[in-house]
Structures are given as structure tokens and as C-alpha cells.
Amino acid sequence: MRFYDCNAWVGTPANGTLFSPPTAGSLVAAMDEAGVEKALVWHIAQHDYDPLEGNDLLSRAIAGHERLVGVWTMLPTQCGEIGSAEEWTGRLIEAGVQAVRMFPERNRYLPRPEVIGDLLSVLADRRVPLLLSLRRGATWAMAYDLLEAFPALTVVLCDLDVWPADRFFRPLLDRYERVHIETSTYLADAGIEAFVERYGAGRMLFGSGFPECYPGGAMLRVRHAEIGEAGRAAIAAGNIERLLSEVR
């Protein structure tokens with residue numbers, strides 16, 4: 001089975017770490033050991049230090065690693081740091097980056113339409129996926145507010161917490177057709193089966209949570225989900241490949 005990881009990061013956290021800080025090389029080595037073909041990757045400095053410097057660090061880190069696809073972090077346009085929404089998104093796509101993250105509280109702005117509406121409109125129009133981490137930078141209230149204002153956004157809800165979050169995310173999936181979840185911390189008993197029964201397999205993406213989680217654990221849950229081979233293949237790699245192919 002092919003696996004495409006949508007949720008992995010590299011770099012040294014600002015507050016230290018209990019494990020060896022992951023480099024692009026060590027990520028690829030972990031992917032080889034587990035059997036992961038490709039990964040969407042961001043840099044921890046985008047959250048812990050400075051998003052623009054973190055974007056540059058990411059681009060340098062993954063240069064030459066064809067199996068790693070970059071994820072940049074966005075900032076509002078009002079302070080002149082990134083140019084216009086169209087300019088920044090154009091640079092992003094030209095750089096081979098195919099998804100975006102945001103950390104409003106850490107980067108000191110409000111996640112409101114008045115602040116980032118121009119960027120979110122362009123991301124929605126170009127179908128660039130926005131990854132929202134419930135562990136870093138996003139709240140459920142924020143996700144609800146952003147999707148109410150921008151219902152066409154392609155959103156992947158990441159790091160959902162080990163306790164089932166279905167009562168939080170199911171109303172969003174019921175209402176907004178381009179909302180997806182990733183699997184790294186979705187540990188509900190028979191949760192994948194129940195999700196697929198209600199929504200189909202097309203709205204769940206494989207994510208490892210590397211380096212804070214091991215890829216093998218998340219892979220195991222997908223491999224043994226009782227949803228049929230086609231559903232497992234879609235979650236493991238097909239769905240993220242489809243979303244990234246839609247970026248324009």
C-alpha cells in the first residue's frame with residue numbers, strides 16, 4: 001500500500017525536545033523504514049520563531065528531497081511583509097509549495113475576515129489546502145468561524161487529539177464539502193469505519209504527526225481498517241494526491 005503523509009515537520013523546537021530534532025534526512029530515513037512514499041512537510045520555526053524565516057528554512061531543508069513537499073505558513077498582508085495575497089500565493093506555487101498553515105495566536109494576529117480574508121479568498125479560489133492544527137494554532141471556534149466566512153476553503157483538520165473529536169468535526173463535514181480530517185491522533189475504536197460509513201473514504205487523509213508520533217502506528221490503523229481495499233488506498237495516499245492535483 002502506498003502512503004503519502006500529510007502531517008510531518010522538521011527542525012528544532014524553541015523550547016527544546018526529548019528526541020533528536022528531525023532533519024529532512026532523518027524524516028526520509030523514517031519514511032523509508034516505515035514504508036511512506038511522500039510527505040507534506042513544514043518547519044517548526046514557522047510556529048516557534050518566525051513564519052517567513054521558517055518558510056525559508058523549510059525550502060532550504062527539503063531542497064533536493066523529491067519525496068518531500070513543502071508547506072508554508074501565512075501572515076496577513078496589511079504590514080507589507082508578504083506583498084499582496086495574489087503575489088504571495090503565486091510565489092508559493094512557483095516554489096513548489098502546495099499547502100499552507102496558519103498560527104494566528106503565535107504570530108500575533110486575529111484569524112478574522114478583516115485580517116486574512118484576502119488571502120483566504122485566493123487560497124479558496126486556487127484550491128490550496130489550508131492545514132489547521134488543533135494542537136498548534138487553531139481552535140474549533142476558529143475553524144467554525146473561518147469556514148462560515150469562506151465555505152469553499154479546502155481545509156484539513158490536523159492533530160485532533162487522542163480523545164474522539166467527532167462532536168467537534170462532524171458538524172463541519174456535514175456543512176462544508178471541502179473539509180477533511182487527518183489520522184495521526186484519531187484513535188477512536190472503529191472510528192475510521194464509522195467515519196467512512198457516514199462520509200465515504202474521500203475526506204480522510206493519512207497523517208503521521210512525525211516526529212511526535214511514529215508513522216507506523218498511524219499506518220497500522222489504516223492498513224487494518226475494515227473499509228475495503230479501495231477505501232484504505234484512498235486514505236493512505238489517493239486523497240491527498242487528489243487535493244494537491246487540484247491546486248491551480
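Numbers below:
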{"quantity": "Members of the range 207-244 that are farther than 14 Å from R2 by Cα and aliphatic (A, V, I, L, M)", "calculated": "A225, I227, L243, L244"}
{"quantity": "Given (1) of a type outside the set (D, E, K, R); (2) assigned to a helix (DSSP H, G or I); (3) at pLDDT 95 or above, number of the condition L40 does not satisfy", "calculated": "(2)"}
{"quantity": "Options V222, V128; residue that is over 25 Å from R106 (Cα atoms), surrounded by 20 or more Cβ atoms within 10 Å (Cβ to Cβ) and either of a type outside the set (K, R) or in contact with an Asp or Glu (Cβ under 7 Å, 6 or more places away or on another chain) (or both)", "calculated": "V222"}
{"quantity": "Residue count, the range 1-24 (criterion: out of contact with any His (no Cβ under 8 Å at 6 or more places or on another chain), surrounded by fewer than 22 Cβ atoms within 10 Å (Cβ to Cβ) and farther than 16 Å from F206 by Cα)", "calculated": "11"}
{"quantity": "Elements of type helices (runs of 4 or more DSSP H) in the range 165-248, at least 2 residues being under 30 Å from G96 (Cβ atoms)", "calculated": "166-175, 215-223, 229-233, 239-245"}
{"quantity": "Residue match in the range 118-130 (condition: closer than 23 Å to R167 by Cα, of a type in the set (V, I, T) and under 18 Å from the mean Cα position of the chain (by Cα))", "calculated": "no"}
{"quantity": "Filtered residues of the range 223-232 (kept if touching a residue at least 60 places away in the same chain (Cβ under 8 Å) and closer than 17 Å to R198 by Cα)", "calculated": "R232"}
{"quantity": "The range 88-106, residues that are among the charged types (D, E, K, R) and surrounded by 22 or more Cβ atoms within 10 Å (Cβ to Cβ)", "calculated": "R101"}
{"quantity": "Matching option when the condition is over 18 Å from the mean Cα position of the chain (by Cα) and either part of a helix (DSSP H, G or I) or without any contact (Cβ under 8 Å) to a residue 40 or more places away in the chain (or both), among G54, G64, G70", "calculated": "G64"}
{"quantity": "First in the range 233-248 and at pLDDT below 95, second anywhere and of a type in the set (D, E) and assigned to a helix (DSSP H, G or I), Cβ under 9 Å, 6 or more apart", "calculated": "R248/D125"}
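Each row is one residue, and each column tells you yes or no for (1) of a type in the set (G, A, S); (2) touching a helix residue (DSSP H, G or I) at 6+ places or on another chain (Cβ under 6 Å); (3) farther than 17 Å from G209 by Cβ.
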site: M1; (1), (2), (3): no, yes, yes
site: A14; (1), (2), (3): yes, yes, yes
site: F19; (1), (2), (3): no, no, no
site: S26; (1), (2), (3): yes, no, no
site: P51; (1), (2), (3): no, yes, yes
site: G54; (1), (2), (3): yes, yes, yes
site: T89; (1), (2), (3): no, yes, yes
site: A95; (1), (2), (3): yes, no, yes
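The values are calculated or read from the model by the stated rules, or taken from the named source; none is laboratory data. For clarity, every value in this text was computed on a predicted model and none was experimentally measured. Glycine gets a Cβ as well: all are built from the backbone with ideal geometry, and neighbour counts include every protein chain shown.
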